[in-house]
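Participant: Sharing a structure with you now.
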Amino acid sequence: MGCVFLLVFLGCKPDENAKSLGLKIPLKSNSDSKVQFDKERMAWIPPGSFDMGSEMNQDEQPIHKVKLDGFWIGKYEVTNEEFAEFARDSGYKTIAERKPKPEDFPEIPPGEIDKIKAGSIVFTPPDEDIPVERLKAHNAFLAWWKYVAGASWRFPEGPQKEGAEKKAKHPVVHIAWYDAQEYCKWLTHKTGIKYRLPTEAEWEYAARGGLQRKEYIWGDKQELEGQIMANIWQGRFPRENTKKDGYYTTAPVGKFPPNGYGLFDVGGNVWEWCSDWYMPNYYRNSPVSNPKGPNESYDPNEPGQWKRVQRSGSFLCTDLYCGAFRPSRRMKTTPDTGMSHAGFRVVAEAPAPKD
Ligand SMILES: [Ca+2]
Ligand SMILES: [Ca+2]
């Protein structure tokens, strides 16, 4: 389950807890129906090289040359209707939909864990303004995230609010890294083509859309005159959102201009999982060709918690607070954690287009 709140003072177990979460069991499909490889929803990213990173943050440095083979990547974030088809066919339950088991949280007394219902972490504006300088503290997020019983991809804001069936074209959220893996496994089974999460390098290369060394997916300037380029947060985070872009939380995928490769929402809307472990200094020694991330993880803010990389920023990002819709910006989260602003997009290892 998403353990930010349960374990922020206790420390999550690393990756090995996948087994206790029941995720090592081969995923079942309950029908013989096949899913077609949908070229209309995938973009071919040609092989090439680019300058990965930026000078904006320590963990985006040094800027370094990376070479990649070509690959297919989703033009869109995976949507609620796509994830619903997976859940229906496989019977898979996301981590947010499972009641926490005492054995997964040995640090918490069994009597206490029994009281905790399945749920996830939902953005909840605090009652009071937060001074800008405090927004950047590494644990400031505790002020605007709440564990909500019954929240999951089916009910992004909790069971009292609008469900995912009313938001079919919105990106699926509350998806833990493990859940995204299971989706890829299922899609591989249904299509006969290997699907997986993008590596961090693939994600950044694809998100840059063929531009080199630009801070934003569309160029150097954050705002283009008169044009809204992404679903982010306008106004004073976390209490005032002017919704200049039209959306308070998620937007249906594909509502904002695509990048140079035809990808939508690679800046903002929801965060997107990558396959890599997070290491702040990985770029210093990463291989030039097709880097796949380090073998271990370290987050100086929360040592002992192994985290996977997320990219893209979300509807909660502002220039004031995080600016994370820049294509080089890195985020890290424990792989069993889903949140109301986090989803994913997929990569497919299908042959290159013939033309
Ligand atoms: Ca918005
Ligand atoms: Ca996104």
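Just so it is clear, none of the values below were taken in a lab; they were calculated from the coordinates. Predicted model only: the values in this text are computed from it and were never measured. Cβ placement follows ideal geometry from the backbone for every residue including glycine, while neighbour counts extend to all protein chains displayed.
Participant: Take the alpha carbon atoms of segment 101-130, find their center, do the same for segment 230-303, and report the distance between the two centers in whole angstrom.
Facilitator: First find each Cα centre; the distance between them is then 25 Å.
Participant: Can you give me the three principal axis dimensions of the chain from its C-alpha atoms, in Å, biggest first?
Facilitator: Cα extents, longest axis first: 59, 55, 42 Å.
Participant: With a 10 Å Cβ neighbour count serving as the proxy for reagent exposure, in which order, fewest first, do Asp299, Asp69 appear?
Facilitator: Asp69, Asp299
Participant: Compute the FRET efficiency between Asn57 and Glu85 as 1/(1 + (r/R0)^6), taking r as their Cβ-Cβ distance and R0 = 30 Å, and round to the nearest 0.05. Before the final figure, lay out each step's value.
Facilitator: Numbers: r = 37 Å, r/R0 = 1.25.
That pair, Asn57 with Glu85, gives E of 0.20.
Participant: Determine, for Met56, Met279, Met339, the number of other Cβ atoms within 10 Å of each Cβ, and report the residues in order from fewest to most.
Facilitator: Arranged by neighbour count, lowest to highest, Met56, Met279, Met339 become Met56, Met279, Met339.
Participant: Can you sort Leu142, Leu211, Leu197 from fewest to most other Cβ atoms within 10 Å of each residue's own Cβ?
Facilitator: Listed from fewest to most nearby Cβ atoms, that is Leu142, Leu211, Leu197.
Participant: Could I ask something else about it? Quote the relative contact order of segment 176-313 in percent (integer), defining contacts as alpha-carbon pairs under 8 Å separated by 6+ residues.
Facilitator: Computed value for segment 176-313: 24 percent relative contact order.
Participant: Are there trypsin sites (Lys or Arg not before Pro) in segment 171-258 that DSSP marks as loop and that have at most 14 other Cβ atoms within 10 Å, and which are they?
Facilitator: Those that pass, being in a loop and sparsely packed, are Lys194, Arg213, Lys221, Arg239, Lys243, Lys244.
Participant: Shifting gears a bit: Quick one: check the C-alpha center-to-center distance for segment 58-77 versus segment 142-218, whole angstrom.
Facilitator: 17
Participant: Assuming a ≥ b ≥ c are the square roots of the Cα gyration tensor eigenvalues, decide whether segment 200-263 counts as rounded (a/c under 1.5), prolate (otherwise, with a/b larger than b/c) or oblate.
Facilitator: Prolate, since a/c reaches 1.5 and a/b exceeds b/c.
Participant: Turning to a different aspect of this structure: Amide H of Thr79: which non-local residues (sequence gap of 5 or more, or other chain) have their own amide H closer than 5 Å, using H built in the peptide plane?
Facilitator: Long-range HN contacts for Thr79: Val172.
Participant: When the Karplus curve 6.51 cos²θ - 1.76 cosθ + 1.60 is applied with θ = phi - 60°, which whole-Hz ³J(HN,Hα) does each residue of segment 199-215 get, with x for Gly and Pro?
Facilitator: So the Karplus estimates, Gly and Pro as x, are 5, 4, 5, 4, 4, 5, 4, 5, 5, 6, x, x, 7, 10, 6, 9, 6 Hz.
Participant: Rounded to the nearest 20 debye, what is the charge dipole size of the chain about its Cα centre when +1 sits on each Lys and Arg Cβ and -1 on each Asp and Glu Cβ?
Facilitator: The dipole of the chain has a size of about 580 debye.
Participant: DSSP beta bridges in the chain, what fraction antiparallel, as a percent rounded to 5?
Facilitator: Of the beta bridges lying entirely in the chain, close to 90 percent run antiparallel.
Participant: I've got another one for you. If you filter segment 108-154 for GluC sites (Glu not before Pro), then keep DSSP loop positions with at most 11 other Cβ within 10 Å, what is left?
Facilitator: Glu128
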